[in-house]
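Everything on this sheet refers to the single structure shown next.
The values are calculated or read from the model by the stated rules, or taken from the named source; none is laboratory data. Everything numeric here is computed off the predicted structure, so don't read it as measured data. Don't worry about glycine lacking a Cβ; one is built from the backbone with ideal geometry, like all the others, and counts go over all protein chains shown. Side chains are part of the model used for accessible areas, which takes the heavy atoms of the whole protein and leaves out ligands, DNA and RNA. Shrake-Rupley method; radii C 1.70, N 1.55, O 1.52, S 1.80 Å.
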Amino acid sequence: MINLLSRKSKTPVSVTPQSNGVCDAVIVGGGHNGLVCAAMLAKAGLKVTVLEAQERLGGAAASDEIKQGVRVSTCAHLVYALDEKIVKGLRLHKHGLQFAKARLSTVAPDGEGAVAHLHADIWKTQAGLRVLSESDAAAFPKFREKMQTYALALKALLTNSPSVAQQSDLGALEQFLSKIQILNEDGRRELLRLLVSSSGDILDETFENELLKGALAFDSILGLNSGPRSMNSMAHYLYRLSGEASCDRDGMAIVTGGMSSLADALSDAARAHGVKMRTGAKVMRIIIQKGAACGVELEDGERVMAPLVISNADPKTTYLKLVGVEYLDTGFSAQLRALRCEGVTAKMNLILNGLPTFRGLTQEDLSSRIVICPSIDFAERAFNPVKYGSFSHDPVFEIIFPNLHDTSLTSGSEQILSANVQYVPYKVEGGWPARREELVEQLVMALGYFAPDIKDRIVSGHVLTPLEIEKEYGCTGGHWHHGDFALDQIGILRPAPGMGAYGAPVAGLHMCGAGASGGGITGRPGLLAAEHALADLRTSRKSGVRAI
Amino acid sequence: MNKALTPWQEAVRPSPFHGAAASHSLTNEWLRWGEYTIADLYSTVEQEYDALRTHAGLIDLSPLHKVRISGKEACSYLNRLLTYKADDLPIRQACFSPFCDDAGHVIGLARLLRVHVDEYHLYTDENHDAWLWDTAQGYDDVQIDTFTHDVGVLGLFGNRSQDVLMALGIEEVEDLEISHHDEFIFQRVRIRILKTVSMGELGYYLNVDPKNSLLVWETLIREGEAYGLAPVGRRVQDICRIEAGELRAGADFIGAHQARYGNRPRTPFELGLAAWVELEKGYFVGSRALSHGDQHPSRTAVVGLHIEGTEPLTGGRILSKGQLVGIVTSCAWSPRMGHVVALATVASKYVEPGQELQIEYSTLTELEPEVWSREARIVEKPFYTNGL
Ligand SMILES: Cc1cc2nc3c(=O)[nH]c(=O)nc-3n(C[C@H](O)[C@H](O)[C@H](O)COP(=O)(O)OP(=O)(O)OC[C@H]3O[C@@H](n4cnc5c(N)ncnc54)[C@H](O)[C@@H]3O)c2cc1C
């Protein structure tokens, strides 16, 4: 019998380790969030098993050799919001996590020679912006500071912390409103206004330079099925900032060895805490008895029983496929069916025979994050086609050359261009296999405007559409966030109104993936799910009954 | 040409028995039930009440909403939909069950008939198709089709109802048990007959193909005459179901989907329907909410009231020591009991029989509002069951 004493509560959580392969918690999916959750629970003394469908752990935190001797991050490529609590709490650096480069700057060329530079350091940014606009340079520090204040105030609402999620959604809203009392009256009004504004409008009223606005707007839409003129873009911008605030020290960072090294560090940490991890173990069903989850069933019929089931799979997969509607309330399953989770971000890796030349960028600039989004209108125009089942001819890009920081990635002289590209729809008119080649050509052509020699430098490449991301990484719709980050699908409304993210509605079943509280390589959904599960365990042990 | 549409325009259709029923109507008092018009009163309350309570009453129930649910997963679907156990219902039997929304609030009340292994018929007072379809999402093999208009339904209730059917030559009904149903042939016409209890009387539901409706109606009236059978309208049915303590959606409770105010919907427990909630059967829609009984205690209860005086006081306010504690939801003068009976919703601490309460209600008398007060007492329901 292990006694866990939470620092806050004096109630011990007693967990009796179970025999016969039965564990205390089984985690469906070994994405980075599943691993974080597993490690945290194991650290608290639980016996945890992770079951991952794919042959490797990490989910979308993945890297692979796409050509002999060339290793790329096949999905996510930048860490900008990995929670410090996780890095420290799991001692990830000790388990091999290294950043080839931290506090990455951003450069945003307009293709005609002008460039906006955004550095981790506000004052350096301000100095650089003077070239574009004196007044924008003057406004920038205040804008940043203000946004950071609001992002922090919003954090509780946007990320469903357990204290919030335990309550009903409306109770959580009240708690949130009471929390933002730290802001003065004008501040609270402003926060509510920002929440329902488009980033386009807010940037327009603050700045004048189109390039700067485009570069800032980019972060408000990356991963989102909306444009900078959509109402939820500002809320998303604040969400992203709230994440960045949790990893202030490292800022935006490139993981040495590619994203899978983060997965390796996490699984190493998890293993050190006694977590059992199995790959190639696809969960087909979450077993429900007396209304509560009590284990899972694998493809071959094998059952892994545990009083706590935590799912890293997306909400639709978790509830509609693995639990099944026969165990769900009608209203709830209708809400889940309505969850919008079609991604619009594609991944492109190009292997080049040398560094390309971007108009307006120096060689040194290529070690920054390059954002291709010269104006708000450019981004909004790029968004338009996906509404109608087509892809952008002039998409927005986020590009890095990871091998400039990490020589281990290539054995020869190749250069890697790693890009997140928007907007590429999940479903395209005419179907994906048929139009894939056209997409790839289009992406290369669009990039050619900014880097004219790119086409001649391409040795090979690797493109994943959202449909392929869905297949490859097992998330419905292939969405960055496992469910669009829209005003009606965030915070207390995520993944469904009234659900409160981690607990309800099926007792013993929690969610720990991006669908629970938001995507990105943050580890936060995993961390919060673990905290929530432990809190739940504490209450049910105390009352002696298990809530249905 | 553009036809002007009014916002209240809806479908109206005659019941398959309308022509026959109309020829019996001495009052021409009709009312709406769903898309249909049905008789409110054919002759007089006394005559119809007497027919139903001492002989046999013939009731047009065709507006009942009827849905066929079939397919391999029909059984598990129904078990999820309904609060009562549906999966061990034998073929040719029927049961009653509420069905609830996610929050455990009653949407409606249903009668479920199992017709074949994978086929059921579900009867409700109102159309709940949207909910039935929503609940079917995610099943591979459940078909839902509404056949309300394809089948006419007659209710035949009262002491002599079995005799009437026997007189028609359907002698096998003698062996039909309560809550059982079967198909019978009558003059080469196939009718499904369910034996059941309603309004405190034993009786039958007869499902009739609309093209045979006149034949069946006329034969029943003709052969039934010797047994005192008479057509009975909605008004008398209402008196009888109040006497029997049966709730009516829209009158004694507001279905969860009709309610616009947060405190209006009711759990089956609050409606006194606990016997039809099988929390032990495993998951069903609303079960999670309902099993959190300690967190959501019943706030109200449905009780029977014995009210002084002779006027029905539907809508009357129930007071205890001057405090508002409930509302009269259905009320009638009961010929059998000789006093006014009522179903009422009261705060849950006022459920004990014997409690004395006051009913206050107002009327407009010669254009002046007038407030009345009557003494009332909580009593056990049902008030009357005809020994059943
Ligand atoms: C193109 C693209 C680029 C991105 N780039 C970045 C970036 O640069 N920076 C950033 O921070 N974020 C980025 N993201 C977002 C980020 O990758 C995700 O939000 C994050 O990886 C989600 O992590 P997760 O652990 O919640 O889920 P996932 O990584 O999706 O992991 C879920 C895991 O569950 C497994 N699983 C699912 N079903 C089952 C089952 N039935 N049985 C067993 N296992 C199952 C899956 O195989 C998978 O391993 C990007 C996303 C996309 C789509």
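Using the Cβ-Cβ distance between B:Glu119 and B:Arg248 with R0 = 45 Å, the FRET efficiency computed as 1/(1 + (r/R0)^6) comes to roughly 0.95.
In this rough spin-label picture, where each label sits 7 Å from Cα along the Cβ direction, the A:Thr539-A:Asp453 distance is 6.2 nm.
Between the residues A:Thr345, A:Met252, A:Ala529, the greatest Cα displacement towards the positive end of the dipole of the protein assembly as shown, with unit charges on the Cβ of Lys, Arg, Asp and Glu, is found for A:Met252.
Computing the accessible area with a 1.4 Å probe over protein heavy atoms, can you report the carbon and sulfur percentage for chain B? Carbon with sulfur: 49 percent of the solvent-accessible area.
Using DSSP to call loops (not H, G, I, E or B), can you name the GluC sites (Glu not before Pro) in segment B:141-204 whose Cβ has at most 16 other Cβ atoms within 10 angstrom?
Details: sites: B:Glu171, B:Glu172, B:Glu174, B:Glu177, B:Glu183, B:Glu201; in loops: B:Glu177.
Here the GluC sites (Glu not before Pro) that fit, given the DSSP loop and packing criteria, are B:Glu177.
Interface B-A: total buried accessible area of about 1300 Å², 1.4 Å probe, protein heavy atoms only.
Whole-Hz Karplus values for segment A:423-428 come out as 10, 10, x, 5, 10, 10 Hz, taken residue by residue from phi with 6.51 cos²θ - 1.76 cosθ + 1.60 and θ = phi - 60°; glycine and proline positions read x. For A:Met252, nonlocal amide neighbours, meaning residues 5 or more places apart or on other chains whose placed amide H falls under 5 Å from its own, are A:Arg103, A:Leu104. Burial here means at least 40 square angstrom less accessible surface with every protein chain in place than with the chain by itself, probed at 1.4 Å; in segment A:310-329 the buried residues are A:Val325, A:Glu326, A:Tyr327, A:Asp329. Between B:Arg260 and B:Leu324, the FRET efficiency estimated from the beta carbon spacing at R0 = 22 angstrom works out to 0.60.
Taking a 1.4 Å probe, which of A:Tyr319, B:Tyr350 shows the most accessible area, and what order do the others take after it? Let's see the in-between values first.
On the way: A:Tyr319 0, B:Tyr350 35 Å².
The ordering from most to least exposed comes out as B:Tyr350, A:Tyr319.
Computed across chain B, the Kirkwood hydrodynamic radius from all distinct Cα-Cα pairs reaches 22.2 Å. Under a model in which nothing but the beta-carbon of Lys, Arg (+1) and Asp, Glu (-1) is charged, chain A shows a dipole of about 2240 debye around its Cα centre.
For segment B:1-139, the average shadow cast by the Cα convex hull is 13.0 nm², which is a quarter of the hull's surface. If Rh is defined by the Kirkwood formula over all Cα pairs and Rg also comes from Cα, what ratio Rg/Rh do you get for segment A:324-395? Here the Rg-to-Rh quotient is 1.21. Take the Cα of A:Ser390, step 7 Å toward its Cβ, do the same at A:Gln68, and the gap between the two points is 4.3 nm.
Taking the Cα centre of the protein assembly as shown as origin and charging only Cβ (+1 Lys, Arg; -1 Asp, Glu), how large is the dipole, in debye to the nearest 20?
Working: 92 positive and 112 negative charges, 631 e Å.
The dipole of the protein assembly as shown has a size of about 3040 debye.
Of all aspartates and glutamates in the structure, those lying under 14 Å Cα to Cα from A:Lys67, and not within fewer than 8 positions of it along the same chain, are A:Glu414.
Which is the longest run of chain A containing none of the GluC sites (Glu not before Pro) found in DSSP loop states (not H, G, I, E, B) with at most 16 other C-beta atoms within 10 Å?
A:303-428
Within segment A:179-307, the percentage of alpha carbon pairs spaced more than 18 angstrom apart rounds to 73%. Summarised in one figure, the compactness ratio Rg/Rh of chain A, Cα atoms and Kirkwood Rh, is 0.96.
In terms of overall dimensions, the C-alpha atoms belonging to segment B:293-379 reach 50, 31, 20 Å along their principal axes, ordered largest to smallest. Solvent-accessible area per residue in chain B equals 45 Å², computed with a 1.4 angstrom probe and all protein chains kept.
The Cα atoms of segment A:251-358 give a gyration tensor whose axes a ≥ b ≥ c have a/c of 1.5 or more with a/b no greater than b/c, which makes the shape oblate. Projecting the Cα atoms of A:Leu439, B:His257, B:Tyr77 onto the charge dipole of the protein assembly as shown, computed from C-beta unit charges around the Cα centre, puts A:Leu439 farthest toward the positive end.
The string of couplings for segment A:481-492 from the Karplus curve (6.51, -1.76, 1.60, θ = phi - 60°) is 9, 6, x, 4, 8, 10, 3, 8, 10, 10, x, 5 Hz, one whole number per residue in order, with x for Gly and Pro.
To the nearest 0.05, what FRET efficiency results for A:Arg337 and B:Glu308 with a Förster distance of 56 Å applied to their C-beta separation? It would help to have the intermediate numbers written out before the result.
Working: r = 55 Å, r/R0 = 0.97.
Calculated value: 0.55.
Run a plain Debye calculation on the protein assembly as shown (Cα atoms as equal point scatterers, no solvent) and give log10 I(q)/I(0) at q = 0.06, 0.07 Å⁻¹, rounded to two decimals, same order as the q list. So the normalised log intensities are -0.56, -0.72. The trypsin sites (Lys or Arg not before Pro) found in segment A:293-345 that occupy coil by DSSP, while having at most 16 further C-beta atoms within 10 Å, are A:Arg340. Solvent-accessible area per residue in segment A:339-397 equals 34 Å², computed with a 1.4 angstrom probe and all protein chains kept. Sorting the Cα pairs of segment B:65-148 by distance into bins of 10 Å, from 0 upward, gives 19, 61, 21, 0 percent per bin. Given a 1.4 Å probe and the protein chains as shown, A:Met231 ends up with an accessible area of around 110 Å².
When chain B is described by a simple charge dipole with +1 on each Lys and Arg Cβ and -1 on each Asp and Glu Cβ, the residue from B:Leu214, B:Ala347, B:Tyr36 located farthest towards its positive end is B:Ala347.
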